[in-house]
Every structure is written in structure tokens, then in C-alpha cells.
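Let me begin by presenting the structure, written as C-alpha cells, before commenting on it.
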Amino acid sequence: MRWSMTGVGTLILKVNGSFKTVIARPSDTLVDVVRGQLQLTGAKPACETGDCGACTLLVDGLPVKACLVLAVEAVGHEITTIEGLPLVPMQKAFVDKFATSCGYCIPGFILNAHALAVHHPDADDAVIAEWLDSNLCRCMSYSEIRDAVRSVLAGEY
């Protein structure tokens, strides 16, 4: 990483398994760089305070609010966006259980729920609720999302 006198620098990020070179300022957030420079628009800049989870990405396999992470902080880490997530059971479950509604927040929910299934395959309802609390949806009930997560954890997919 090298910053110019104008405050702009070149970063190399590992995104969806490939190394990408981006130009960023020290204050640029990961969601803005991923969307603006890499054209990976699944993560959405919604609240920009870390409250809603629409910007969720996986960093080293764990969900993070990409509006709160500086792009420079992601150097040396594996970033996974919804576009780079291979077809996983959670995606099919969200479709089959009608847990998609308008779709704005769904990429963040899917990434979060996928990480939950990977790290806590035996999660009970309390753990599921704790993980899903980090994401908000304004258009639908959460029951379909919980049903999708439960179905994957139950081995239906």
C-alpha cells in the first residue's frame, strides 16, 4: 500500500478468490470500493451506520458490516460477496421458502445465514435469532428467513 500526496493509494484486495487492484483513499469504506470499483453491487450502502446489515460481506468467512470497514483494513483478508458465493444450500432455501421479498437486504441476510450454517451447524433458535438480529428487513416478516435457515441446518438442502 502506498499513498500519494493526494491521499489516494493502490490496494490489492482478494475478492471472491481473485486479487483485484483498486484505487482508494484511506477513508473509503469496503462497501463503496467493492460496489464502485469492482461493480459487485449485491452489498448495499443503506444506513451506513452498521445497523441494517444490507452491506454485509464475508471477511475470512465471517460476516462484517462493510460500511464500517475501511477498504485498507481488508488488505490481506479474503472477501466474499454474494456474487462470489458459490451456489450454496442457503441460497436455494431462501428462494424455496419465499424469503426474498424486494431483495434489497437479502444478499446480506444470505451471507450472514451462510456463515451461521458454516460456523454453527447445530444452532438452535436462540443462536439463529442472535445472528439474524444483525440484519434488518423492512418489507417482510422474518419467519420466512428463519424457516430458510432452519431448513438448511436441518439438512433439507
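The values are calculated or read from the model by the stated rules, or taken from the named source; none is laboratory data. These figures come from a predicted structure and were not determined experimentally. Cβ coordinates were reconstructed from backbone atoms using ideal geometry, including for glycine residues, and neighbour counts include every protein chain displayed.
What tally of residues in segment 114-157 results from selecting those that are within 26 Å of residue 102 (Cβ to Cβ) and either of a type in the set (Ser, Thr, Tyr) or under 16 Å from the mean Cα position of the chain (by Cα) (or both)?
Final tally of qualifying residues: 18.
Which of (1) buried (at least 22 other Cβ atoms within 10 Å of the Cβ); (2) within 24 Å of residue 113 (Cβ to Cβ) is the odd one out, the single condition residue 17 does not satisfy?
Checking residue 17 against (1) buried (at least 22 other Cβ atoms within 10 Å of the Cβ); (2) within 24 Å of residue 113 (Cβ to Cβ), the one that fails is (1).
Quick one: in segment 76-101, which of the residues that are over 14 Å from residue 157 (Cα atoms), of a type outside the set (Ser, Thr, Tyr) and more than 17 Å from the chain's Cα centre (by Cα) is modelled with the lowest pLDDT?
98
A quick yes/no check of all residues on (1) surrounded by 16 or more Cβ atoms within 10 Å (Cβ to Cβ); (2) farther than 30 Å from residue 14 by Cβ:
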{"residue": "68", "(1), (2)": "no, no"}
{"residue": "80", "(1), (2)": "yes, no"}
{"residue": "84", "(1), (2)": "yes, no"}
{"residue": "89", "(1), (2)": "yes, no"}
{"residue": "97", "(1), (2)": "yes, yes"}
{"residue": "104", "(1), (2)": "no, no"}
{"residue": "107", "(1), (2)": "yes, no"}
{"residue": "128", "(1), (2)": "yes, no"}
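If I go through segment 8-50 residue by residue, how many of them are under 14 Å from the mean Cα position of the chain (by Cα), among the charged types (D, E, K, R) and under 18 Å from residue 78 (Cα atoms)?
So the answer is 2.
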